[in-house]
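Trainee: Just dropping this structure here.
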Amino acid sequence: MPVSDHQMISAWDEVLRLSQVQAGQTVSILCGPHTDPLTLRAATISAQRAGAIVTKIELPPINAEKATSRDLLNYLGETPLTGNTAAISALKNSDIVLDLMLLLFSPEQMDILDSGTKILLAVEPPEVLVRTVPTEADRQRVLAASRLLKRARTMHVTSPAGTDVTFKIGEFPTICEYGFVEEPGRWDHWPSGFLFTFANEGGSDGTIVIDRGDILLPQKNYVSDKVTLKVSEGFVRSIEGGIDADLLREFMAAYKDPEAYAMSHIGWGMQPRCYWHTLSLYDRERTIAMDARAFEGNFLFSLGPNNEAGGKRKTACHLDIPLRNCTVRVDDTIVVRDGKVIDEAFQ
Ligand SMILES: [Fe+2]
């Protein structure tokens with residue numbers, strides 16, 4: 001449904017309040033030609049109402065000749081900030097950056113965060129943003145789960161479709177996303193509501209079955225038949241199935257990069273205001289499908305880069321794949337059973 005200016009501004013008011021934006025702080029709004037005009041207008045008004053000093057920075061897009069779709073996550077690596085020292089300086093001198101363009105996994109982003117600047121990404125359409133305004137309760141729930149994940153050494157995932165895969169974990173940090181940035185140097189994404197870590201290098205072994213109805217991203221497709229991934233020593237070694245497997249194999253091969261097949265982040269969704277079915281209602285170019293990444297009880301795994309968490313891999317190919325109906329065991333504790341989050345596990 002359409003969103004009123006009033007509703008969008010109120011949503012930003014709440015997100016900026018949770019992000020502790022104060023009068024006199026500098027807020028930079030990073031945008032591109034694809035930025036939603038209502039989101040941009042509302043963010044600007046809300047930041048001004050909070051008493052902040054507001055700057056809009058618009059950068060031209062790049063990578064169109066390398067990507068095979070318009071999706072903002074189709075091709076990672078260089079960003080419009082690469083080599084742009086003027087823009088980087090401005091962002092490093094900001095208290096908070098509202099990223100309505102989409103920086104991700106870039107050294108420039110790490111550099112800006114290291115300076116103490118907060119970054120909040122928000123590129124979903126207005127009606128998704130107003131449905132998923134974050135709450136302090138979202139934060140508390142994800143943090144409770146993270147205390148368990150942080151000290152764990154294995155994650156084991158099974159499903160009725162045939163998934164049976166084990167990840168050694170502990171080499172990389174646990175990252176929580178709950179939709180706002182209350183601390184200096186923090187990055188987050190509105191909407192979200194999930195947590196993840198990365199498998200240790202070489203520490204993933206087993207079988208992952210992407211079942212009928214599970215979602216591939218950035219394809220934004222519900223697969224029509226099972227796709228079976230055989231994983232050993234941290235890499236996907238085979239992709240078998242029908243047409244969906246063929247499409248996935250060719251998509252990955254197009255990057256001509258062996259790192260594309262590495263296991264990347266692994267975790268589970270905890271956002272009750274996001275839904276598995278949302279993507280079925282959308283024109284695929286209207287969304288980056290955060291509902292699919294965040295819906296409660298998914299097992300979300302990823303292939304490709306791990307530089308976001310301090311690893312060495314920075315391949316441009318990045319798949320996010322949320323699975324339904326999985327049971328996720330962290331060390332000896334079941335945290336998701338048959339696609340349902342077990343909150344008692346985090347008490
Ligand atoms: Fe991802």
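The values are calculated or read from the model by the stated rules, or taken from the named source; none is laboratory data. Predicted, not measured: the structure shown is a model, and the values here were computed from it. Cβ coordinates were reconstructed from backbone atoms using ideal geometry, including for glycine residues, and neighbour counts include every protein chain displayed. Heavy atoms of the whole protein, side chains included, go into the accessibility calculation; ligands, DNA and RNA do not. Shrake-Rupley method; radii C 1.70, N 1.55, O 1.52, S 1.80 Å.
Trainee: Looking at the chain only, what percent of DSSP beta bridges run antiparallel? Nearest 5 please.
Mentor: Among the beta bridges of the chain, antiparallel pairing accounts for roughly 75 percent.
Trainee: OK, next. List, in the order given, every pair from K168/K312; K256/K312; K56/K256; K66/K340; K118/K314; K92/K314 whose Cα-Cα distance in the structure shown is over 29 Å.
Mentor: From the list (K168/K312; K256/K312; K56/K256; K66/K340; K118/K314; K92/K314), the Cα-Cα distance tops 29 Å for K56/K256; K66/K340.
Trainee: Return the equivalent ellipsoid semi-axes of the stretch 140-285 as a descending list in whole Å, where each equals the square root of 5 times an eigenvalue of the C-alpha gyration tensor.
Mentor: One finds semi-axes of 26, 21, 15 Å for the stretch 140-285.
Trainee: Also, I was wondering about something else. If Lys and Arg each add +1 and Asp and Glu each add -1, what is the summed charge of the other residues whose beta carbon sits under 14 Å from the beta carbon of P107?
Mentor: The answer is -1.
Trainee: If you put +1 on each Lys and Arg Cβ and -1 on each Asp and Glu Cβ, how big is the dipole of the chain around its Cα centre, in Debye rounded to 20?
Mentor: Using Cβ point charges on Lys, Arg, Asp and Glu, the chain gives about 240 debye.
Trainee: If you take the alpha carbon radius of gyration of the stretch 120-184 and divide it by 2.2 N^0.38 Å, what ratio comes out, to two decimals?
Mentor: In units of the 2.2 N^0.38 Å rule of thumb, it is 1.46.
Trainee: Okay, moving on. Report the label-to-label distance for Y275 and R337 in nanometres (one decimal), using points 7 Å from each Cα along the Cα→Cβ vector.
Mentor: 2.7 nm
Trainee: I would also like to ask the following. Can you tell me the orientation of helix 5-18 relative to the chain, as the angle in degrees between its alpha-carbon axis and the longest Cα principal axis, to the nearest 10?
Mentor: Value to nearest ten degrees: 80.
Trainee: May I ask you to work out the translational diffusion coefficient for the stretch 240-347 at 10 °C, viscosity 1.306 mPa s, via Stokes-Einstein with Rh from the Kirkwood sum over Cα pairs, reported in whole µm²/s?
Mentor: The estimated diffusion coefficient comes to 103 µm²/s.
Trainee: Leaving out ligands, DNA and RNA but keeping every protein chain, what accessible area does W276 have, in Å² rounded to the nearest 10, with a 1.4 Å probe?
Mentor: Approximately 90 Å² of W276 is accessible to the 1.4 Å probe.
Trainee: Over the chain, what number does the Rg to Rh ratio reach, with both radii from the alpha-carbon atoms and Rh per Kirkwood?
Mentor: 0.95
Trainee: Further question on the same structure: Any chance you could give the angle, 0 to 90 degrees and rounded to 10, that helix 136-150 forms with the longest Cα principal axis of the chain?
Mentor: 40 degrees
Trainee: Next question, about the same structure. Would you calculate, for the chain, the mean residue ellipticity at 222 nm contributed by helices, counting each DSSP H stretch of 4 or more residues as -39,500 (n - 2.57) and dividing by all residues, to the nearest 500?
Mentor: -7000 deg cm²/dmol
Trainee: Sticking with this one: Under Stokes-Einstein, with the Kirkwood radius over Cα pairs standing in for Rh, what whole-number D in µm²/s applies to the stretch 206-264 at 25 °C and 0.890 mPa s?
Mentor: Reported coefficient: 210 µm²/s.
Trainee: Helix 243-253 versus the longest principal axis of the chain: what is the Cα-based angle in degrees, 0 to 90, to the nearest 10?
Mentor: 60 degrees
Trainee: Not counting ligands, DNA or RNA, and with a 1.4 Å probe, what is E171's accessible surface area in Å² rounded to the nearest 10?
Mentor: Approximately 110 Å² of E171 is accessible to the 1.4 Å probe.
Trainee: Over all directions, how big on average is the projection of the convex hull of the alpha-carbon atoms in the stretch 246-290, in square nanometres?
Mentor: Average projection, Cα convex hull of the stretch 246-290: 4.8 nm².
Trainee: Compute the relative contact order of the chain as a whole-number percentage, counting only Cα pairs closer than 8 Å that sit 6 or more residues apart in sequence.
Mentor: After rounding, I find 15 percent.
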